[in-house]
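*Asks:* Below is a structure I'd like to ask you about.
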Amino acid sequence: KDAKEFKKNVSDVLEANGMTAGLHTYSFYINYDVETFLSKPEYQKQIKVMGEYTLAEDISEDFTGLFKIEEDFRTIPTDRGFCKNNSPFFLMDDELVEFVITPEGLKITNRGNAESKKSAHKKGLVIKHLEGHYTGLMPVPGSDLYLEIARLTAKTYNEGGFNMIYLDALDGIRH
């Protein structure tokens with residue numbers, strides 16, 4: 001629901017009963033499935049990158065399974081979780097590709113995440129391991145994407161009748 005509807009149905013009701021509403025947000029992080037941002041190539045290029053790797057073989061549009069990179073896949077960080085600075089995504093051209101690391105190598109588990117464009121990828125493509133934290137992807141601080149998230153957060157706060165905002169995970173900006 002939108003913020004104006006929230007104000008009418010929640011914030012105003014709370015205020016009429018002597019309480020207030022607060023907005024709790026994970027600051028600037030983008031949930032893995034938010035197609036509003038992640039399906040747009042111009043925004044995909046504004047997500048922080050942990051590492052770059054070179055695709056060692058062609059991948060068809062419908063391929064899932066083990067694939068190879070020219071670098072040693074064992075150097076890719078494997079520790080993931082709520083408080084880990086890692087994500088399960090590569091950006092291949094304009095496609096968000098979810099992957100896992102197995103003892104045998106890298107395995108694609110999901111294609112076209114967040115309604116990104118599913119496509120074939122050629123050997124030699126530089127693929128980007130995207131940075132994430134708190135189960136969200138991290139935009140480059142100061143980028144248009146980062147500022148758009150700030151604008152939308154401010155709009156939601158202003159229209160939603162909130163009296164407090166908690167920018168949880170704001171400390172992640174130091175990463």
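*Asks:* Which value in Å does the Kirkwood hydrodynamic radius of segment 49-111 take, with 1/r averaged over all unlike C-alpha pairs and then inverted?
*Replies:* Working: mean 1/r = 0.0810 Å⁻¹.
For segment 49-111, inverting the mean 1/r across all distinct Cα pairs yields 12.3 Å.
*Asks:* Let me ask something else. Testing the spin-label approximation: label points 7 Å from Cα along Cα→Cβ at Val34 and Lys4. State their distance in nm.
*Replies:* Output for this residue pair reads 2.2 nm.
*Asks:* Below 8 Å between Cα atoms, with a sequence gap of 6+, how large is the relative contact order for segment 71-175 in percent? Kindly include the intermediate steps, with their values, before the conclusion.
*Replies:* Working: 121 pairs, mean separation 25.9, N = 105.
In percent, rounded to a whole number, it is 25.
*Asks:* Which loop trypsin sites (Lys or Arg not before Pro) in segment 88-155, with loop taken from DSSP, have no more than 12 other Cβ atoms within 10 angstrom of their Cβ? If you can, show how the numbers build up before the last one.
*Replies:* Values: sites: Lys107, Arg111, Lys117, Lys118, Lys122, Lys123, Lys128, Arg151, Lys155; in loops: Arg111, Lys117, Lys118, Lys122, Lys123.
Those that pass, being in a loop and sparsely packed, are Lys122, Lys123.
*Asks:* Further question: Does anyone have the angle between helix 144-160 and the longest principal axis of the chain? Alpha-carbon axes, 0 to 90°, nearest 10?
*Replies:* 30 degrees
*Asks:* Note down the net charge around Arg151, summing +1 for each Lys or Arg and -1 for each Asp or Glu among other residues with Cβ under 14 Å from its Cβ. Working shown, then result.
*Replies:* Details: positive: Lys155; negative: Asp144, Glu148, Glu159.
Neighbourhood net charge equals -2.
*Asks:* Need one number: the % of Cα-Cα pairs in segment 93-167 sitting beyond the 22 Å mark. Before the final figure, lay out each step's value.
*Replies:* On the way: 1229 of 2775 pairs.
For segment 93-167, the share of Cα pairs beyond 22 Å comes to 44 percent.
*Asks:* Another one. So which of Lys8/Lys40; Lys40/Lys122; Lys7/Lys45; Lys45/Lys155 end up more than 29 Å apart, counting from Cα to Cα? If you can, show how the numbers build up before the last one.
*Replies:* Working: Lys8/Lys40 32 Å; Lys40/Lys122 21 Å; Lys7/Lys45 34 Å; Lys45/Lys155 24 Å.
Exceeds cut-off: Lys8/Lys40; Lys7/Lys45.
*Asks:* 222 nm [θ] for the chain, helices only, -39500 (n - 2.57) per DSSP H run of 4+, per residue, to 500? Let's see the in-between values first.
*Replies:* Details: 5 runs with 34 residues, N = 175.
Roughly -5000 deg cm²/dmol at 222 nm, from the helical runs in the chain.
*Asks:* Shifting gears a bit: With just the Cα atoms of the chain, tell me how far they stretch along each of the three principal axes, in Å, largest first.
*Replies:* Ordered largest first, the chain gives principal extents of 62, 27, 27 Å.
Values quoted throughout were computed directly from the atomic coordinates according to the rules given, and no laboratory measurement underlies them. No experiment lies behind these values; they were computed from the predicted model shown. Note that we place each Cβ from the backbone using ideal geometry, even for glycine, and neighbour counts take in every protein chain shown.
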